[in-house]
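Enquirer: Could you have a look at this structure, given as structure tokens, before my questions?
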Amino acid sequence: MKTVFVPRETADNETRTALIPQDVSILTRTGFEISVESGTGVKSGYLDADYAKAGAKVVPAAEAASALAAADIVLRVQKPENAKGLKSGALHLSYMDPFNEKELLADFAASGVRAVSLEMIPRTTLAQKMDVQSSQTSLAGYYAVLLAASKLPKIFPMMMTPAGTISPARVFIIGVGVAGLQAIATAKRLGARVEAFDTRPVVEDQVKSLGAKFVKIDLGEMGQTAQGYAKELTPEQIEKQKAGQAKVCAQSDVVITTAKVFGRKAPLLLTKDMIAGMKPGSIIIDMAVSTGGNVEGSDPTKEVVTENGVRIIGGDGLERCVPADASRMFSGNMTAFLTHFWDDEAKTLKVDRADPIMGGCLLTEGGAVVHERFIEKA
Ligand code: NAD
């Protein structure tokens, strides 16, 4: 297990690559043999010549299928359509969207390919360096604020000029996980007045430490899972939350929603009525749009303008708007994973499901789905 192949991403909207030249050098020195498909880094600013200089074999598109079929390990950003072309026993790392992709998992299992789902990498201190969810969403949180600032017909900071005083824009962040924290920090840096809410009570101090105001809404029993994720709210709690938020939304120039519940549909938190109460020209960015959406009427493919002039943007995959750094971080995560599991004596990558990180993210092996959360119960 030491030959690694990085195919070129095929989705039109994908700008990232799973591996950058700098990390090719690290992996090559470790003992891996790396091939990349020609053009793999072209959209993120990494050139074939740099991959070659770093020690990778650059494979022309016409030979990509045979490189794929020969590889022990395949690194991709997006999930593939199926496991076609991969050799049995190969380890395939990518996003897998495992809660929604039963057929894809079944196909990987049937092909004997070992699928690592990057979404399932455990949220432990040791695995943090491999966690693409964190690295990518923090960039997305940053970019959401820039996007909102560029669309808002107002400026973010307060400005006192001889022509008059401009008050700071008001930004409301709903959901303060990785993306939300980065969004707060970015909006504060731009001079906005920031408020935030999350159902996990531990977040209040983090919000305050960034200089933002925590919106208090009493929802009764809340808390978080052992993995640090939010617990799903009851319908009554969601109604209470909506009522508590409505006034803050009406006063805000920008609302960015990032509220997700791992493995489940995102809660709908901004209804048409609440949006109707917002000022014309206000911007809403729904960063949960691809998992059901926090905002009524948001669309992952286009901007929606409401009758009262509020612009709703489906903020899906905003990290793809900063592909150089998104690829750098993604690649850093992949490199951390591969070097962590490298057995230097045997000169091979060790795949051992008893390891808590590997066991946490390996979904298929030996012809079957092996991850307990995805095994079909009869
Ligand atoms: P996420 O993407 O699942 O959810 C985003 C945020 O939405 C979370 O903060 C969640 O509490 C919040 N949310 C859910 N329902 C909501 C509602 N109804 N209203 C308002 N907010 C709601 O979460 P995430 O950003 O991936 O991170 C969750 C936690 O995990 C954070 O505390 C983060 O620091 C932690 N984390 C730990 C590690 C690690 O230790 N390796 C890595 C990454 C994240």
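The values are calculated or read from the model by the stated rules, or taken from the named source; none is laboratory data. What you are looking at is a predicted structure, and each value in this text was computed from that prediction instead of being measured. Cβ atoms come from the backbone with ideal geometry, glycine included; neighbour counts cover every protein chain shown.
Enquirer: Of a type in the set (D, E, K, R), touching a residue at least 12 places away in the same chain (Cβ under 8 Å) and within 14 Å of the ligand (Cβ to nearest atom): does that describe Arg193? Please lay out each step first, then the result.
Expert: Details: of a type in the set (D, E, K, R): yes; touching a residue at least 12 places away in the same chain (Cβ under 8 Å): yes; within 14 Å of the ligand (Cβ to nearest atom): no.
Criteria not met by Arg193.
Enquirer: Here is a list: Ala336, Ala346. Which entry is of a type in the set (A, V, I, L, M) and assigned to a loop (DSSP other than H, G, I, E, B)?
Expert: Just a single option satisfies the conditions, and that option is Ala346.
Enquirer: Next question. Restricting attention to segment 118-168, which residues are among the basic types (Lys, Arg) and farther than 30 Å from Leu105 by Cβ?
Expert: Once the filter is applied, which keeps residues that are among the basic types (Lys, Arg) and farther than 30 Å from Leu105 by Cβ, segment 118-168 yields Lys151, Lys154.
Enquirer: Here is a further query. Could you check segment 289-346 and list, in sequence order, the residues that are modelled with pLDDT of 95 or more, of a type in the set (Val, Ile, Thr) and either away from the ligand (no atom under 16 Å from the Cβ) or within 19 Å of Glu119 (Cα to Cα) (or both)?
Expert: Residues satisfying the conditions are Val289, Val304, Val305, Thr306, Val310, Ile312, Ile313, Val322, Thr335, Thr339.
Enquirer: Hand me the list of strands (runs of 3 or more DSSP E) wholly inside segment 157-253 holding 1 or more residues that are on the phi < 0 side of the Ramachandran plot, exposed (fewer than 12 other Cβ atoms within 10 Å of the Cβ) and in the same structural domain as Gly293 (by TED's automatic domain parsing).
Expert: By residue number, 159-161, 164-166.
Enquirer: While we're here: Determine whether segment 118-126 contains at least one residue that is surrounded by fewer than 16 Cβ atoms within 10 Å (Cβ to Cβ), touching a His at 6+ places or on another chain (Cβ under 9 Å) and either in contact (Cβ under 8 Å) with a residue 40 or more places away in the chain or more than 30 Å from Arg193 (Cα to Cα) (or both).
Expert: Checked segment 118-126: at least one residue is surrounded by fewer than 16 Cβ atoms within 10 Å (Cβ to Cβ), touching a His at 6+ places or on another chain (Cβ under 9 Å) and either in contact (Cβ under 8 Å) with a residue 40 or more places away in the chain or more than 30 Å from Arg193 (Cα to Cα) (or both).
Enquirer: For the subset of segment 229-247 comprising residues that are in contact with a Phe, Trp or Tyr (Cβ under 9 Å, 6 or more places away or on another chain) and near the ligand (Cβ under 9 Å from one of its atoms), which member is farthest from Lys260 (Cα to Cα)?
Expert: Among those residues, the one meeting the criterion is Gln245.
Enquirer: Does any residue of segment 200-222 turn out to be closer than 24 Å to Ser282 by Cα and within 8 Å of the ligand (Cβ to nearest atom)? Give the steps one after another, and end with the answer.
Expert: Start the filter on segment 200-222 by keeping residues that are closer than 24 Å to Ser282 by Cα, which leaves 207, 210-217.
So of that shortlist, the ones also within 8 Å of the ligand (Cβ to nearest atom) come out as none.
Scanning segment 200-222, I find no residue that is closer than 24 Å to Ser282 by Cα and within 8 Å of the ligand (Cβ to nearest atom), so the answer is no.
Enquirer: If we scan segment 137-147, do we find a residue that is aromatic (Phe, Trp, Tyr) and either within 25 Å of the chain's Cα centre (by Cα) or within 16 Å of the ligand (Cβ to nearest atom) (or both)?
Expert: Yes - at least one qualifying residue is present in segment 137-147.
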